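Below: the structure, in structure tokens.
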Amino acid sequence: MPHRSKTGPAGRPIVLIGPMAVGKSAIGQQLALQLGVPFVDTDAVIVAGHGSIADIFAGRGEHAFREIEARTVAAVVEAADDTVSVISLGGGAVLDSGTQQLISRCTVVYLECDAQTVAGRIARNSGRPLLAGDAMGRWTAMFATRKPVYERLADITLDVRHGSVSELGGRLEAALRDYAAAKQEVEK
């Protein structure tokens, strides 16, 4: 029998989306810990199966990476189907139409931020191939094109500009509870 949670629609994975460096992995791990459910970071699954993302980009290109990413997301979401778990997607994963269809069966949470929120993290992490060169300029341009997709796909939007990981996890858990209650009211 699938794990049932009071904080989200029963049997639905919780998928975190948003731009790179927004904290999807850290907040996802915190939320999974709070809920007592599994956490899966699709980027970590890709690295475990195919090597570093930077190496995939360098050796095979972005197109090959996106194919690997789409297959990985599909496998993770399919494996989590009918259970509550927390899944973190890479920033560009939502650009794939198949991924968009798959995650429509999940509770999708958009972690909303701005360039100031992520600037320090991006400066400390040079291993992001799409940010080579002018990292903040590239991040800002990518975010501008992806933001409407994140907003369209989201069931819940969580502003992550302020608060610790544990505080954000608590706010997200409360938002999931409110979302589940509102969804139950609509379904009555």
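So the values come out like this:
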item: Qualifying positions in the stretch 154-170 - open to solvent by 30 Å² or more (accessible area, probe 1.4 Å) and either farther than 23 Å from GLN29 by Cβ or in contact (Cβ under 8 Å) with a residue 12 or more places away in the chain (or both); result: ASP155, THR157, ASP159, ARG161, VAL165, SER166, GLY170
item: Filtered residues of the stretch 36-89 (kept if in contact (Cβ under 8 Å) with a residue 60 or more places away in the chain, part of a helix (DSSP H, G or I) and either of a type outside the set (A, V, I, L, M) or within 21 Å of LEU176 (Cα to Cα) (or both)); result: PHE57, GLU62, VAL77, ALA80
item: Any hit, the stretch 92-100, residues being closer than 21 Å to ARG138 by Cβ, among the charged types (D, E, K, R), assigned to a loop (DSSP other than H, G, I, E, B) and touching a Lys or Arg at 6+ places or on another chain (Cβ under 8 Å); result: yes
item: Count of residues meeting criterion [open to solvent by 20 Å² or more (accessible area, probe 1.4 Å) and either among the acidic types (Asp, Glu) or more than 20 Å from ALA32 (Cβ to Cβ) (or both)] in the stretch 71-101; result: 11
item: Where THR7 falls short, out of the listed (1) modelled with pLDDT of 95 or more; (2) touching an Asp or Glu at 6+ places or on another chain (Cβ under 7 Å); result: (1)
item: Residue check for SER104: under 15 Å from the mean Cα position of the chain (by Cα), modelled with pLDDT of 90 or more and surrounded by fewer than 15 Cβ atoms within 10 Å (Cβ to Cβ); result: yes
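The values are calculated or read from the model by the stated rules, or taken from the named source; none is laboratory data. The shown structure was predicted, so the numbers you read here are calculated from the model rather than taken from an experiment. FYI the Cβ positions are ideal-geometry reconstructions off the backbone, even for glycines, and counts take in every protein chain you see. We work out accessible area using only protein heavy atoms, side chains counted, and drop any ligands, DNA or RNA first. Shrake-Rupley method; radii C 1.70, N 1.55, O 1.52, S 1.80 Å.
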